[in-house]
1. How far, in nm, would the chain grow between B:Ile130 and B:Val142 when pulled straight, counting 0.36 nm per residue and subtracting the alpha carbon separation?
2. For chain B, modelled as a Gaussian network with Cα springs under 10 Å, which listed residue fluctuates most, B:Leu222, B:Leu199, B:Leu93?
3. Dipole of the stretch A:64-208 (Lys/Arg Cβ +1, Asp/Glu Cβ -1, origin at the Cα centre): which of A:Ser153, A:Val174, A:Leu199 lies farthest to the positive side?
4. Evaluate the charge dipole of the protein assembly as shown about its Cα centre and quote only its size in Debye, nearest 20, assuming +1 on the Cβ of each Lys and Arg and -1 on the Cβ of each Asp and Glu.
5. Sort A:Thr34, B:Thr85, B:Thr63 so the one with the fewest other Cβ atoms within 10 Å of its own Cβ comes first.
6. Report the one residue of B:Leu127, B:Leu154, B:Val179 whose Cα lies farthest in the direction of the positive end of the charge dipole of the stretch B:98-202 (charges on C-beta: Lys and Arg +1, Asp and Glu -1; origin at the Cα centre).
7. In the Gaussian network model of chain B, springs joining C-alpha atoms below 10 Å, which of B:Leu94, B:Leu86, B:Leu251 carries the largest mean-square fluctuation?
8. Mind telling me which of B:Ala306, B:Ala274, B:Ala292 comes out most flexible in a GNM of chain B, alpha-carbon contacts under 10 Å?
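Bear in mind that the values in this text are calculations on the coordinates, not laboratory data. These numbers come from a predicted model, not from an experiment. Heads up, the Cβs are rebuilt from the backbone with ideal geometry, glycines too, and the neighbour counts pull from every protein chain shown.
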Amino acid sequence: MVNGASPQGQPVFRVENVNIYYGNFKAVRDVSMTIPKNQVTAFIGPSGCGKSTILRCLNRLNDLIASFRLEGKITYHDKNIYDPDIDPVEVRRKIGMVFQKPNPFPKSIYDNVVYGARVINYKGDLDELVERSLRRAALWDEVKDKLKQSGFSLSGGQQQRLCIARTIAVEPEVVLMDEPCSALDPISTLKVEELMHELKANYTIVIVTHNMQQATRVADMTAFFNAEATPKGGKVGHLVEFDLTKNIFGSPKQQATMDYVSGRFG
Amino acid sequence: MTPSTALPERRSRSPQERLIDRLFVRTTLVLAVLTGVLLAFIILVIAWRSLPAVQAFGLNFITGSAWNPVPGREEFGVFPMLYGTLVSSIIALLIAVPLGLGTAIFLSEDFIPSQPRLVISFLVELLAAIPSVVYGLWGIFVLIPLIQPVARWLHANLGWIPLFGTEPVGPGMLPASLVLAIMILPIMTAIAKDSLAALPPELRQASMGLGATRWWTIFRVLIPAAISGIVGGTMLGLGRALGETMAATMLIGNANQFQWSLLAPANTIASLLANQFPEARGIQVSALMYAAVLLMLMTLIVNILAEVIVNRLKAKYE
């Protein structure tokens, strides 16, 4: 793997020689990378390249899949989150996640935002938490008069910002975003992207995106993943290149990266 | 010249084809109307035949406890049977809801591999395939002897509570309710399991992603999201319990008098009808029809309630 300019800032995650399997099927091979603090890191690549799989390993959400198995090491502040004595529930409380499809709970807007706080038995003022989180997610002005209404009453873009508010309400250090704008219209996408710029000051953001323009707009660092065919007919993903976004899109060192960012495949 | 873009004329379809279309619509219409007419016919005839009893006994029929078919001194009241129907069904629900919901949760999660899970689901659903008369037989010869020591203990130690105030004699409200619970379990479990399994996986991921445990996720997100299905299944179970006849008749003891004690013999409306119709004549037939109307009303109310609750919950959560 090629790691160009060293990431700026201190590292949050170190991914070391990670192989990922689903049953006997190898989905991702040999990924190593360092994800910096208070930056936006984008994962790009064609379908099946393992970018979402890697993302979901960062907060152990892949543990929900029974056949999932990981070799190698992922450290979060120098602690291996796959150590047997680490509780995945604790990991997820520090590392939040926003999903591809907006997935509010079938509850009121208010109850959606305070869900995580109730999980950790938060003792502070919930009303204040709701306002603060919704303001940060740039949704407060649109929903402040209807907090008791169902989260489903909002538009798709508003639902996604509600999900972001719900995620940041528990004050995670890292927010993982799995194609957060792929189900949104362009205006909502813009709002979420602006939000990422603002959230960067307080959070480390890792985003998977299919949209290369989005990566150039929001990301400081970009990782390009690619899929290669295996002799058995499957696909195994791997990391091709990880560098400053401007280098990945301006002067990539690998031919495959060049071909992908210039739109020759993918 | 005709432009090539013109639609083919309507007449270009053969007359036979159009005739078949029309016939098909008419046939389905007739079938649909027939079903409605059949329902109306059943209800009307029963209501009509109940009229003499309604005129003779009025609302005393509902509040009264006498059941005296002796000619000349006829007096009928179904309060004990109404009470027995409601209480046996409610006890059955109290037992079956936690059991069914627990089974549904277990079967919709991945605690065990999918193969044995499939076997368990199949077994639960097979419970519905047992004929009710077999449940009745099993209740008489297996369940009643089995719970007899428990019933005696309840009476000996908690006899001061009216619910356990009589000596257990065998058949009674308790064994009937237990068997009803087993009988309504499969439908409730199956519907609850399907509602839970139909939830989008994103809900679980969202909750787990926020650091919730599996149990928190189940109770705070998954069950509320599936609640309309779970309540719907429960109401179907309740409807079945209210109308269940054979097993109830065989187990409840058919005593037409009101008793607080669950250990005493009691009766349900369905079981009353099944027991009394062979010898009934005159006003007694009418009284049975009146009781049937009440039973239908009860199940109707349950169905309407189910609809209302499900819609309320949907409005709240969706």
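1. Contour length minus Cα-Cα distance gives 2.8 nm.
2. Residue with maximal mean-square fluctuation among B:Leu222, B:Leu199, B:Leu93: B:Leu199.
3. My answer, from the dipole projection, is A:Ser153.
4. The calculated dipole for the protein assembly as shown is roughly 760 debye.
5. With the fewest neighbours first, A:Thr34, B:Thr85, B:Thr63 line up as B:Thr63, A:Thr34, B:Thr85.
6. About the Cα centre, the residue reaching furthest to the positive side is B:Leu154.
7. The residue that fluctuates most here is B:Leu94.
8. So, out of B:Ala306, B:Ala274, B:Ala292, the one fluctuating most is B:Ala274.
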